[in-house]
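The values are calculated or read from the model by the stated rules, or taken from the named source; none is laboratory data. Predicted model, so just to flag it, every value in this text is computed and none were measured. A quick note on method: Cβ atoms are made from the backbone with ideal geometry, for glycine too, and the neighbour counts reach across all protein chains shown. Surface areas here come from the heavy atoms of the whole protein model, side chains and all, with no ligands, DNA or RNA. Shrake-Rupley method; radii C 1.70, N 1.55, O 1.52, S 1.80 Å.
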Amino acid sequence: MSEATARPTQSGTPEADLRIGVIGLGFAGTTHLDAFTSLPGATVVALAGKEEARLAELGESRGVPNLYADWEDLVARDDLDIISIGVPNDLHHPIAMAALTSGKHVFCEKPLAVTAALAEEMVDAAKTNDRVLEVAYNHRRRADVQYLRRYLDDSPIGTVYHARASWLRRTGIPGLGSWFTNKAMAGGGPLIDLGSHVLDIALFLLDEPTVTSVSAVAYNHLGSAGRGGRSAGVSVQGGLSPFEVEDFASALLRLDNGSSLQLEASWASYSKAYEDIEVELLGSVGGARLAIADYATSGTVTLYTDVAGAPSIIRPDVPVPAGHHRSVIAEFLQTIRSGEHAYGEYALHRSRVVDAVYRSAVEGREVAVEGGHA
Ligand SMILES: NC(=O)c1ccc[n+]([C@@H]2O[C@H](COP(=O)([O-])OP(=O)(O)OC[C@H]3O[C@@H](n4cnc5c(N)ncnc54)[C@H](O)[C@@H]3O)[C@@H](O)[C@H]2O)c1
């Protein structure tokens with residue numbers, strides 16, 4: 001254990017304070033740290049990560065008194081209410097299991113785990129120990145996604161019979177050679193990394209249907225040839241892994257309400273934009289489209305309707321402020337305070353869909369999603 005000398009913590013209301021340990025110092029861990037630190041009634045008292053200098057700098061600048069190189073030492077503390085997980089995907093399961101079984105709530109980065117079987121164990125542990133398990137599906141909290149959800153509440157586009165959800169990058173393999181491209185550590189490539197976000201947005205907008213079956217393909221033409229990499233500033237963790245995952249995947253999902261969803265994700269592809277996130281809903285009397293090119297923060301929503309019998313396009317003005325990670329973390333804290341039971345079952349369904357996509361791509365046929373029912 002490498003515990004530093006105690007420093008004063010952030011101010012907060014002592015009796016209402018939830019005490020948090022954050023694990024990970026990259027984009028995810030730092031975002032969690034800053035979100036918890038900015039919210040009332042929450043104090044980050046411990047931080048863990050392998051990069052010694054960054055750990056010391058974050059501890060100093062954010063006023064976190066207890067610093068660890070290994071997650072095991074942080075989770076072993078008996079004075080924490082919450083463990084926040086921002087580490088490579090394969091560590092989500094062991095950290096969450098240790099935290100939940102020792103009575104802590106867990107905020108976990110997506111994906112819940114590298115396989116649905118491990119994700120199921122995490123959800124079971126949350127239930128058995130009655131602790132909240134929440135997952136960082138932060139993009140769903142974007143103002144434009146929430147706007148579309150409110151728009152759809154009155155069924156203005158009728159029955160949605162088909163949807164398309166994609167997150168496509170031109171050259172965006174995160175850290176060629178880092179844990180991201182290692183099958184055992186990441187669980188997969190862009191499908192589990194980016195596809196899980198747009199799958200989450202689509203299922204949220206579609207009112208949480210169950211995905212019953214999947215027919216998928218996955219390719220690896222660019223990554224395996226050393227093309228399409230974005231190495232700088234992506235993973236703070238080094239390493240030299242071979243490229244073992246897909247760089248593009250596409251899947252047709254059948255839903256229990258009779259409709260369908262086309263899901264696509266790429267880290268690298270000779271296609272139009274550097275970074276393209278889209279969700280499109282085709283309804284019986286209208287349509288809606290979310291198109292976020294290069295992380296746009298306005299002009300992302302388009303509605304398709306008929307006005308006085310003429311096909312019409314409406315572009316509502318929906319500004320998208322930053323801070324959707326902060327929103328999901330604020331909701332997580334509220335869930336704990338209100339005593340709600342939230343065990344991450346919805347995220348387990350997303351993991352089962354991701355598993356089915358990979359299985360279908362390997363087997364070359366349509367497969368059933370575990371737990372899905374027609
Ligand atoms: N929701 C989002 O928008 C979003 C964005 C980026 C990443 N993520 C997710 O966040 C997670 C981390 O991604 P990242 O980009 O921050 O990765 P990263 O490689 O930049 O950072 C990983 C961190 O984990 C730490 N770590 C590794 N092993 C450890 C151990 N044994 N004990 C303590 N710390 C350890 C490393 O030291 C490092 O600080 C992944 O699950 C990824 O999918 C989510």
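Numbers at a glance
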read-out: Between 0 and 90°, nearest 10: helix 143-152 axis offset from the chain longest Cα axis; value: 50 degrees
read-out: Stokes-Einstein D for the range 280-319, Kirkwood Rh over Cα pairs, 4 °C, 1.567 mPa s (µm²/s); value: 119 µm²/s
read-out: Rg to Rh quotient for the range 141-255, alpha carbon positions, Kirkwood Rh; value: 1.05
read-out: Pairs of alpha carbons in the range 209-361 whose separation is greater than 26 Å (percent); value: 50 percent
read-out: Proximal charge balance of Gly372 [Cβ under 11 Å; K/R count +1, D/E count -1]; value: 0
read-out: Rounded accessible area per residue of the chain, 1.4 Å, Å²; value: 41 Å²
read-out: Extension reserve of the Glu366-Ser224 stretch, reckoned as 0.36 nm per residue once the Cα distance is removed; value: 48.5 nm
read-out: Computed FRET value (nearest 0.05) for Val217 with Ser102, which takes r as the C-beta separation and R₀ as 30 Å; value: 0.10
read-out: Within-14-Å neighbourhood charge of Ile83 [Cβ basis; K, R +1; D, E -1]; value: -4
read-out: Efficiency of FRET between Glu57 and Ala293 - r from beta-carbon atoms, R0 35 angstrom, step 0.05; value: 0.55
read-out: Accessible surface of the range 60-198 [probe 1.4 Å, protein heavy atoms]: carbon and sulfur percent; value: 49 percent
read-out: Value of Rg/Rh across the range 13-95 [Cα atoms, Kirkwood radius]; value: 0.93
read-out: Bins of 5 Å from zero: percent of alpha-carbon pairs in the range 296-374; value: 3, 11, 10, 10, 9, 12, 17, 17, 8, 2, 0
read-out: Fraction of accessible area attributable to carbon and sulfur, the range 309-374 (%, probe 1.4 Å); value: 54 percent
read-out: Segment Gln334-Arg150, extension gain: residue separation times 0.36 nm, minus the distance between their alpha carbons; value: 64.1 nm
read-out: Using a Förster distance of 41 Å, the FRET efficiency for Thr171-Asp207 (Cβ separation, nearest 0.05); value: 0.70
read-out: Ranked order, Lys183, Lys272 - accessible area, probe 1.4 Å, largest first; value: Lys272, Lys183
read-out: Net charge contributed by nearby residues that have their C-beta within less than 11 Å of Thr297 (K/R +1, D/E -1); value: -1
read-out: Counting DSSP beta bridges with both ends in the chain, the antiparallel % (nearest 5); value: 60 percent
read-out: Computed log₁₀ I(q)/I(0) - Debye formula, equal Cα scatterers, no solvent, the chain, q 0.06, 0.08, 0.13 Å⁻¹; value: -0.23, -0.41, -1.08
